[in-house]
Structures are given as C-alpha cells and as structure tokens.
Amino acid sequence: MKTNIIKLSEKETSKDDKNLEKITNTLKIGGLVVFPTETVYGLGANGLDKNACEGIFKAKGRPNDNPLILHIAHISQLDELVKEVPKIAQKCIKKFWPGPLTIIFKKSDLVPKEVTGGLETVAIRMPSNKIAHKILADVILPIAAPSANISGRPSPTKTEHVIEDLMGKVDIIVDGGHTVVGIESTVLDVTSDPPMILRPGKITLEDLQKVDKNISIDHTTIDAKDKTVPKSPGQKYKHYAPKGMATCFVGDLNNVVAEINKRLESCKGKSAVLATSETKDNYIGADLVLDLGSRENLEEVANSLFDLLRICDEKKVEYIFAEGFELKGIGLSIMNRLLKACAGRIVIGL
Ligand code: AMP
Ligand code: MG
C-alpha cells in the first residue's frame with residue numbers, strides 16, 4: 001500500500017482544506033489514517049465500519065480482543081454511541097473534555113462488537129489536539145484510533161515513530177509534530193461501582209477524586225507482581241517493550257544510582273540508563289545515559305519516555321536500567337508504562 005504523508009498545521013490555512021478533504025474522504029471510504037492527538041499518534045478508521053476497524057487490527061498486529069477507543073469532536077455524537085451517560089461521566093466530561101480522558105460507557109447497538117473486542121461497553125474520548133479536532137469535526141464520524149504503533153512497541157509521540165512502524169500499512173500519515181502529553185489517555189470505567197481507572201494517564205487519580213472521591217484504580221495497572229487479570233483487556237498484553245532487557249529500580253535515589261552503577265560494571269558496551277536531570281551525571285561507567293527530564297516536572301518525564309525507549313532500540317542496547325518514580329500523581333502513570341516496558345522486572349526497597 002502506498003502511504004501518503006501529509007503535513008497539517010494547527011492553524012487554519014487554505015492549503016489545509018484540500019488535504020483535509022483527502023483525509024476525511026479516505027476515512028469515509030474505509031481507509032486508514034494516522035493522526036496526532038495530544039496524547040500519542042492514533043491509527044484511525046471509521047469506528048462504525050467493522051471492515052475498516054479490522055484493517056486497524058491487521059496493520060498493528062493487535063489481538064482482536066483488545067478494544068479500540070472511539071474519538072469524537074462534539075458531545076452531541078455521544079448519544080447514539082452509548083446507552084446512558086451516568087452523572088459521574090457528565091461531571092468528568094464537563095471538567096476534562098476535550099482532553100486526555102477516555103470514558104467507558106455501556107455501548108449502543110450502533111457500535112460494532114469488532115470495535116469493543118466483544119464487550120458490551122465502549123471507550124470514548126474527545127481529543128483536544130487541534131489537528132485531531134479538525135479531522136474529527138469534518139468527517140463527522142466516530143473514529144476508532146488506537147495508538148499508531150505495531151502492537152507491543154512503545155506508542156508513537158513523533159511522526160518518525162509512526163513511519164518506522166506503519167509505512168506501507170496505512171493510507172495516510174498526518175504529520176503534526178511532537179505530541180504534548182506523550183503517554184496514552186487515562187481510561188475511566190463509569191459502568192462499575194465504584195468507577196475505576198483502568199489505565200492511568202496525565203489525568204491522575206487525584207484529579208479524578210476531586211470530581212468524585214469514590215473513584216478508585218485497578219491495582220493490577222501498577223503492581224508488577226499482581227497476577228490478577230486486569231479489567232482493561234489491553235493491560236494484560238506485553239507493551240512498550242524495548243528489544244533490550246529493561247529493569248526498574250525503586251527506592252532512595254542515592255541507593256538507586258549506586259545499585260545501577262554496580263550493575264553497569266558487568267555489562268560494558270551494551271547498556272543504557274534511563275536517568276533524570278538530577279542524576280544523569282552520576283553514571284560514570286554507562287555507555288549511554290538518557291535524560292527523561294527533571295523529577296520536578298514529571299509531565300516532561302512522561303513525554304520523553306517512549307521516545308527514549310525507541311532510542312534504546314535504535315542503538316541496539318541490550319540492558320536498560322531505569323530509575324523508578326513514586327506511585328502518585330503522574331508518577332503512577334509513568335510507572336505503569338515503565339513496569340510494562342520492564343516486563344515486571346523491578347528491584348524495590350533500595
Ligand atoms: P490504545 O488505544 O492503544 O491506547 O488502547 C486502548 C486501551 O483502552 C486498551 O488498554 C483497551 O483495553 C482499553 N479499552 C478500550 N475499550 C475498552 C472497554 N470497553 N473496556 C475496557 N477497556 C477498554
Ligand atoms: Mg496502544
């Protein structure tokens with residue numbers, strides 16, 4: 001398949017009109033279009049067309065039981081997709097949409113089972129990225145759009161990542177620069193009692209508890225040793241996995257640095273450290289030190305994580321030693337991704 005790369009800006013330009021038409025026509029006839037959102041790039045198709053959605057699973061190599069998120073531009077699109085909008089969802093929509101919060105509702109009959117992985121619930125989000133909004137508002141269809149990576153790889157935060165994974169497998173890649181959040185949306189299930197975070201993201205447990213203090217979190221998302229099946233199908237799969245063997249180190253920061261330095265001694269020439277601005281100069285024996293950003297700015301850390309994991313692959317790193325973060329606020333969302341990248345290899349109590 002020939003893939004067209006189309007650059008779109010967040011501002012209105014007359015050149016964009018033609019491009020936008022090309023993009024929306026492709027979506028309307030069942031094609032695949034990658035576009036940026038504020039979280040990560042999404043691989044989009046008409047969410048009401050089961051054949052188009054099957055194309056998503058095929059292009060990504062995604063297991064069929066891992067459901068897709070539907071993306072909309074306007075609240076009015078919600079009614080025909082869901083059975084009801086509970087009060088708690090109304091409050092969260094008011095506060096966080098458009099933005100990086102996905103909400104799970106009871107699905108209506110209009111939503112194909114292929115989209116929901118056979119579940120009776122459907123995940124819906126309204127992105128705030130202007131390019132995503134332009135496309136969604138023009139096409140006037142709910143667009144299913146999982147992260148635009150090959151299944152199992154880190155989610156794409158730049159066009160280059162998408163090209164690496166999906167060139168020749170999709171009709172269009174919309175180049176919209178670097179995404180601003182860099183980790184996927186928070187997934188909140190409002191069909192359960194209490195409402196439950198199934199995947200942590202930029203909108204944190206603390207943020208959501210300000211809306212309703214009963215909102216809780218599925219602990220399998222942050223407990224590497226918990227073997228209970230996660231409530232969100234996607235969370236049970238291997239994800240964000242770099243090719244090298246990654247391990248995460250948690251505890252007092254000085255002890256973490258000392259432990260990583262000790263391990264570096266036995267893997268010279270093939271290791272990388274995922275460090276932070278505060279510690280990056282303390283790994284003297286490391287072949288490659290990658291700076292996630294400052295511990296004072298965890299949003300920056302979240303935003304650089306996937307890019308740095310991909311750099312480890314590019315550099316053919318065999319051993320990755322990653323510093324851990326406190327399980328609170330966005331630190332918890334970073335740890336959810338890191339623990340998956342480490343396939344549960346974690347050293348605690350340092
Ligand atoms: P991605 O779009 O690649 O970020 O993945 C979507 C995530 O949302 C996966 O972890 C899915 O398991 C989750 N998800 C989508 N729909 C549902 C649903 N109906 N119930 C629970 N989790 C869902
Ligand atoms: Mg994904």
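The values are calculated or read from the model by the stated rules, or taken from the named source; none is laboratory data. Since the model is a prediction, treat every value here as computed from it, not as a measurement. As a convention, Cβ positions derive from the backbone with ideal geometry for all residues, glycine included, and neighbour counts pool all protein chains shown.
Tabulated data for the structure shown
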{"read-out": "Pairs where the first residue, in the stretch 61-84, is of a type in the set (Asp, Glu) and the second is within 16 Å of ligand 2 (Cβ to nearest atom) and in a helix (DSSP H, G or I), C-beta under 8 Å, 6+ apart", "value": "Asp65/Pro233"}
{"read-out": "Unique residue being among the aliphatic types (A, V, I, L, M), over 21 Å from the mean Cα position of the chain (by Cα) and over 25 Å from Tyr240 (Cβ atoms) when the list is Ile88, Ile93", "value": "Ile88"}
{"read-out": "Number of the condition not met by Asp175 [criteria: (1) in contact with a helix residue (DSSP H, G or I) (Cβ under 7 Å, 6 or more places away or on another chain); (2) within 26 Å of Val122 (Cα to Cα)]", "value": "(2)"}
{"read-out": "The stretch 186-223, subset of a type in the set (Gly, Ala, Ser) and surrounded by fewer than 21 Cβ atoms within 10 Å (Cβ to Cβ), residue nearest to ligand 1 (Cβ to nearest atom)", "value": "Ser192"}
{"read-out": "One residue from Gly47, Gly55, Gly30, Gly42 being modelled with pLDDT of 95 or more, touching a strand residue (DSSP E or B) at 6+ places or on another chain (Cβ under 9 Å) and within 10 Å of ligand 1 (Cβ to nearest atom)", "value": "Gly42"}
{"read-out": "Odd one out for Leu20 among (1) in a helix (DSSP H, G or I); (2) within 16 Å of ligand 2 (Cβ to nearest atom); (3) of a type outside the set (Asp, Glu)", "value": "(2)"}
{"read-out": "Scan of the stretch 252-282 for residues that are over 18 Å from Lys316 (Cα atoms) and among the polar types (S, T, N, Q), ordered by number", "value": "Asn254, Asn255, Asn261, Thr276, Ser277, Thr279, Asn282"}
{"read-out": "Within the stretch 247-350, strands (runs of 3 or more DSSP E) holding 2 or more residues that are closer than 29 Å to Ile163 by Cα and touching a residue at least 40 places away in the same chain (Cβ under 8 Å)", "value": "271-275, 319-323"}
{"read-out": "Those residues of the stretch 58-71 which are out of contact with any strand residue (DSSP E or B) (no Cβ under 9 Å at 6 or more places or on another chain) and more than 13 Å from ligand 2 (Cβ to nearest atom), in sequence order", "value": "Lys58, Asn64, Asp65"}
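Every residue, every condition in (1) in contact with a helix residue (DSSP H, G or I) (Cβ under 8 Å, 6 or more places away or on another chain); (2) surrounded by fewer than 24 Cβ atoms within 10 Å (Cβ to Cβ); (3) at pLDDT 95 or above, yes or no:
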| residue | (1), (2), (3) |
| --- | --- |
| Glu80 | no, yes, yes |
| Lys87 | no, yes, yes |
| Gln90 | no, yes, yes |
| Lys106 | no, yes, yes |
| Asp109 | no, yes, yes |
| Thr116 | no, yes, yes |
| Ser128 | no, yes, yes |
| Ala132 | no, no, yes |
| Ala148 | yes, no, yes |
